[in-house]
Structure formats: C-alpha cells, structure tokens
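The values are calculated or read from the model by the stated rules, or taken from the named source; none is laboratory data. Remember, it's a predicted structure, so these values are computed and weren't measured experimentally. Reconstructed Cβ throughout: ideal geometry from the backbone, glycine too, with neighbour counts over all protein chains shown.
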Amino acid sequence: MMSYKVVPRYLPQIMRSNERNMHLLRQKAYVDGNWVDAAKGITFDVINPADNSVVAKVPDMSVEDTQKAIDAAANAFKTWQDVNAKERGLLLRKWYELLAKNQSEIASIMTAECGKPIKESMGEVAYGNSFIEWFSDEARRINGEIISSSQSTKQIFVTKQPIGPVALITPWNFPHAMIARKAGASLAAGCTCVIKPAEDTPLTALAMAQLAEDAGIPKGVINVITSDRKNAPAIGKLLCQSPLIAGISFTGSTVVGKILYEQCAKGIKRIGLELGGNAPFIIFNNADLTKAVQGALAAKFRNCGQTCVAANRFLIQEDIFDKFVDQLSDSIKNTIVQGNGKDGNVIIGPLINNTQMNSIKRLVEDAVMKGAKVVLGGKPATQLGDKFYEPTVLTNITEDMNVYNQEIFGPVAVCIKFKDEDEALKIANGTMSGLAGYFYSSDVSQIFRVARKLEVGMVGVNEGIISTAEAPFGGIKESGIGREGSTHGIEDYVYIKYMCLGNM
Ligand code: ADP
C-alpha cells in the first residue's frame with residue numbers, strides 16, 4: 001500500500017502566531033444588538049477537531065432565547081424594510097470591507113473550530129465575502145415591471161417586496177460562506193434575520209456578527225443564536241412554525257432538510273433548501289488526463305471531502321481507467337499534506353467530529369468487505385489525532401456498496417469503470433441527488449450533450465471548482481429548492497406584488 005505525507009502533530013510556533021489572531025473571538029450570542037448569554041446560563045464547548053482542545057464556550061440557547069431573537073428580527077423589520085436600497089447596499093458594502101480587512105482573523109477562528117487548512121479558510125472567507133460584496137450591489141437592482149394592460153383604463157405595476165424576517169440555518173463545513181450568501185441576499189432584499197449556525201462552528205458566525213455591528217447594521221437586523229446539537233430540533237421547529245418568521249433558508253443534510261420542509265408546510269412558509277449531493281465526476285477517454293487529475297484533486301479533497309459539491313463518484317471510461325487511477329494516486333502522494341490545519345503547508349485537515357469519522361470508517365469497511373480494492377489509504381491516520389482519515393482511493397466498486405450510493409463527505413475517492421457515454425449517464429443520474437456534476441471531455445458535441453443530460457443543478461465541464469458569487473448555486477431532485485448567489489439569489493427573500501391602477 002502507498003503512503004502519503006504528514007506533518008508533525010504539534011507545531012507550537014505556528015499555534016502561537018495564530019492565537020494572536022483571535023481578537024474577534026466572541027463567547028456570547030448576538031440578539032437585538034446585544035451580546036448575551038443563554039437565559040438559563042448554560043454554555044457548550046467548541047472543540048478544535050485537530051487536537052480536541054476547547055477553543056471557546058458559547059451560550060447553549062433554547063427556544064426561549066430563540067423567541068427573543070425572532071421578536072428582535074420582527075421588530076427590526078418594521079424599519080429595515082423601509083431603509084432605501086442604496087443605504088442597505090452601502091451598509092452591506094461596509095460590512096464587506098470589514099470582513100475583508102479581517103480575513104486572516106476570521107480564517108484563524110474558522111481553522112480552530114472546524115479544522116480546515118488555513119489556506120482554505122482564507123479562501124473561504126474571500127469566497128464568502130464576495131457574496132456580501134455581490135449583494136451590496138444587487139440591493140439596488142431589485143426592480144419591478146410595468147406591464148401593458150388589455151384595458152386602457154388600467155395600468156399594471158409589479159414590485160418586489162421583502163418577505164419579512166427570515167431564519168438562516170447553516171452547516172459546519174463552510175462556517176462563513178453559507179451564512180454570507182444567505183445573510184447578504186436577505187439583507188439586500190430588506191429582510192432581517194435570525195442565524196442559527198452549526199453547533200460545531202458558531203465562532204465564525206459570531207465574528208461575522210461583530211463586524212456587522214461595527215459596520216453599523218442596525219440592531220435586530222442580524223441575530224445569531226448558538227445552541228448545542230440537542231436543542232437544534234426544537235429551535236428549528238420554532239423557526240419553521242413561528243408566524244413572525246416569513247421564510248427559512250437551510251443548508252445541511254437531506255434528512256434535516258426534509259424535516260424543515262415538512263414543518264414549513266403547516267404555515268405555507270417560504271423555504272430554500274441546499275441539501276446533500278452525490279456528484280459524479282466523469283472522465284471520458286478523450287479528456288485531458290492531467291487537467292482531469294488536477295480537477296479531481298480539487299473537487300474531491302477540498303475541506304477533506306466534506307462539501308456538498310465534492311466529487312462523490314469518479315466514473316472513468318475503460319481505456320483510461322488504470323492510467324487515471326495511477327495518476328490520481330501519485331498526485332495524492334506527491335501533493336497532499338495532512339495535518340493540523342494551522343500549518344500553512346497542510347492541504348487536508350481532520351474530519352469535523354466523531355460522527356463523521358465513524359461514518360467514513362463504516363463506508364470504507366463496507367466497501368472492502370464487499371470486494372473493493374484499497375489503492376491508497378483506507379484507514380484512520382491515528383498518528384495525527386482521532387479525527388484524521390487517510391486520503392483514500394478505492395477501485396473494484398460494485399453497486400451493492402454503500403460508497404456507490406451514499407454521499408461520502410470524506411477524503412475517499414471511489415473509482416468506477418464505464419464503457420460508453422450512455423452507461424456513464426445512467427450511473428451518474430441513478431441517484432435521488434442532483435446538486436453538482438463534473439465531466440472532462442474534449443469533444444464539443446459530447447460536452448453539450450452530456451451537460452444537458454446530467455440531472456444536476458450545476459455542471460463543471462473540464463473544471464473541478466465551480467462555485468462563485470455570480471453564478472446560481474443549487475440543486476434539483478432531493479438536493480434542494482431555490483438558488484443562492486447570482487441575481488437569482490434574491491428571489492427567496494422577496495415576493496411579487498401586483499398593483500392595478502384603475503379608472504384612469
Ligand atoms: P450535518 O449532518 O452535516 O451536521 P445537519 O443537517 O445535521 O448536517 O446540520 C445542519 C444544521 O442544521 C446545523 O446548524 C444543525 O444544528 C441544524 N439542525 C440539525 N437538526 C436540526 C433540526 N431537526 N431542525 C433544525 N435544525 C437542525
């Protein structure tokens with residue numbers, strides 16, 4: 001079996017320099033412009049997955065605290081909805097500027113709470129910030145229409161109005177960007193928000209709230225409630241069912257997304273869902289193999305494979321199968337450094353928590369038991385800590401294996417051989433997920449054909465990294481409803497009002 005590079009577990013000098021960058025670390029929640037504890041005074045620990053140290057303690061809030069945040073958002077909406085678009089845009093711009101100025105501080109907090117390599121955290125903050133910047137401009141472009149009427153005594157006007165206070169529930173894998181693209185759009189539209197960040201990563205959210213306050217965003221417009229996992233279902237239910245909340249935007253697992261969708265049905269509440277993916281990454285015989293391998297590394301191993309758009313199944317045409325697997329494995333060995341994300345050289349950090357670790361272990365064990373061949377990795381990297389899993393490449397994959405059907409969310413590359421385009425599409429589309437899909441081809445007809453036939457919301461053609469503020473992000477099938485980013489990202493937060501002026 002092959003090996004890969006690791007860095008020493010403890011790097012005291014790097015830790016010291018990063019710890020200096022923690023002036024935005026907040027240990028209270030942010031409600032109605034105040035930094036507050038939970039009503040019951042309870043806290044929970046935020047753990048660094050790289051070494052299990054306690055990064056901070058934050059309030060473990062309940063439904064009682066959440067109600068206060070909802071009331072604050074509802075109250076602030078009364079005035080925020082009337083702040084003109086230019087002013088809302090300018091406040092978002094100010095927030096963006098402070099976020100950009102504090103990029104490395106936020107990145108240090110993020111790496112400490114989610115284990116993401118510092119280079120990736122820096123990248124995520126820049127990426128997340130680009131949504132605040134984008135929506136600071138979009139605020140001024142939420143325009144209506146004047147439509148010709150069939151009756152000359154009437155005139156038809158169409159305007160877009162903010163739906164009201166919204167709840168934003170976000171995951172741990174992109175602690176900044178998932179909040180930025182929801183909060184940016186909602187504030188631009190004139191909505192106020194209650195943000196419930198993931199229990200693993202509340203600190204990035206609180207740092208963002210601090211900078212929103214510094215930017216002059218009025219009290220109650222942004223509220224952040226922190227809670228441990230056990231309170232999340234009750235808080236989620238309240239947010240879905242409160243008559244004061246007009247809409248929910250959720251990024252996370254399909255299981256939780258379905259619960260929220262059901263809960264929102266009762267009040268016919270707006271919901272945007274960005275759920276799990278199961279991205280195919282197809283490499284055709286005619287592809288540029290070097291570029292495909294580069295794209296594969298980025299699409300698979302970013303954030304240790306813990307992204308909803310991560311390449312989940314590598315589908316490789318038979319003539320180039322062996323060559324691709326060899327080159328991918330060599331590139332992993334030569335370029336991927338695994339270790340504590342604080343070290344600037346590290347490319348892969350730990351998994352977020354024990355649940356993720358157990359899930360990856362089980363998936364690989366199941367595949368191996370059913371006949372998969374381990375080309376690289378295949379086990380936890382225990383010498384680095386208890387949440388590190390070796391970058392892994394598996395072949396001899398069959399349909400009965402769980403890695404064939406499930407979202408992996410870890411550093412495991414599953415390589416499946418196919419004969420022709422029809423077979424590739426059949427495998428690619430044979431899932432209830434439909435978020436991202438990737439393929440590498442040099443045949444222009446094939447490019448348009450396959451892009452059209454892939455049952456996904458986003459397609460990367462000869463490209464492994466596709467997310468950007470200007471493009472609509474979202475899925476079809478069970479991967480979600482609605483789009484984030486781009487001009488379409490505003491739609492979840494506005495409703496259309498038609499006004500008829502008659503008797504002219
Ligand atoms: P993951 O499995 O990646 O942790 P989840 O979907 O479980 O993804 O979590 C994403 C977000 O949803 C987190 O903020 C989490 O606290 C929250 N969450 C988990 N369960 C519920 C629930 N039943 N209702 C509302 N939010 C929930």
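Can you find a residue that is in a helix (DSSP H, G or I), touching a Gly at 6+ places or on another chain (Cβ under 9 Å), touching a residue at least 12 places away in the same chain (Cβ under 8 Å) and more than 8 Å from the ligand (Cβ to nearest atom) anywhere in region 218-236? Scanning region 218-236 turns up no residue that is in a helix (DSSP H, G or I), touching a Gly at 6+ places or on another chain (Cβ under 9 Å), touching a residue at least 12 places away in the same chain (Cβ under 8 Å) and more than 8 Å from the ligand (Cβ to nearest atom). Please state which of the following conditions GLN210 fails to meet, knowing it meets all the rest: (1) in a helix (DSSP H, G or I); (2) within 14 Å of the ligand (Cβ to nearest atom); (3) among the polar types (S, T, N, Q). Tallying (1) in a helix (DSSP H, G or I); (2) within 14 Å of the ligand (Cβ to nearest atom); (3) among the polar types (S, T, N, Q), GLN210 fails exactly one: (2). Scanning region 237-250 for residues that are within 11 Å of the ligand (Cβ to nearest atom), part of a helix (DSSP H, G or I) and in contact with a Lys or Arg (Cβ under 9 Å, 6 or more places away or on another chain) returns LEU239, CYS240.
Being over 30 Å from GLY482 (Cβ atoms) and among the polar types (S, T, N, Q): is that true of GLN383 here? Judged against the criteria, GLN383 is a match. Across region 305-356, what is the number of residues that are farther than 17 Å from GLY385 by Cβ, within 16 Å of the ligand (Cβ to nearest atom) and in contact with a helix residue (DSSP H, G or I) (Cβ under 7 Å, 6 or more places away or on another chain)? Residues meeting the conditions: 1.
Inclusion of LYS477 among residues that are surrounded by fewer than 20 Cβ atoms within 10 Å (Cβ to Cβ), modelled with pLDDT of 95 or more and on the phi > 0 side of the Ramachandran plot is warranted. Report yes if ALA198 is buried (at least 24 other Cβ atoms within 10 Å of the Cβ) and part of a helix (DSSP H, G or I), otherwise no. In short, no.
LYS333 meets all of the listed conditions (1) farther than 30 Å from THR254 by Cβ; (2) under 27 Å from the mean Cα position of the chain (by Cα) but one, namely (2). One residue is enough: does region 149-159 have a residue meeting the conditions farther than 26 Å from ILE118 by Cβ, under 24 Å from the mean Cα position of the chain (by Cα) and at pLDDT 95 or above? No - not one qualifying residue is present in region 149-159. In this structure, is MET401 in contact (Cβ under 8 Å) with a residue 24 or more places away in the chain, within 16 Å of the ligand (Cβ to nearest atom) and of a type outside the set (Lys, Arg)? In short, no.
With respect to (1) within 16 Å of the ligand (Cβ to nearest atom); (2) in contact with a Leu (Cβ under 8 Å, 6 or more places away or on another chain), the lone exception for SER359 is condition (2). Taken over region 449-465, the criterion of being in contact with a helix residue (DSSP H, G or I) (Cβ under 9 Å, 6 or more places away or on another chain) and either at pLDDT below 95 or closer than 20 Å to ASN303 by Cβ (or both) is satisfied by VAL456, GLY460, GLU463, GLY464, ILE465. The helices (runs of 4 or more DSSP H) found wholly in region 94-195 and carrying at least 2 residues that are within 15 Å of the ligand (Cβ to nearest atom) and buried (at least 23 other Cβ atoms within 10 Å of the Cβ) occupy 103-114, 177-189. The requirement of being in a loop (DSSP other than H, G, I, E, B), modelled with pLDDT of 95 or more and closer than 20 Å to ALA299 by Cα is not satisfied by ALA428.
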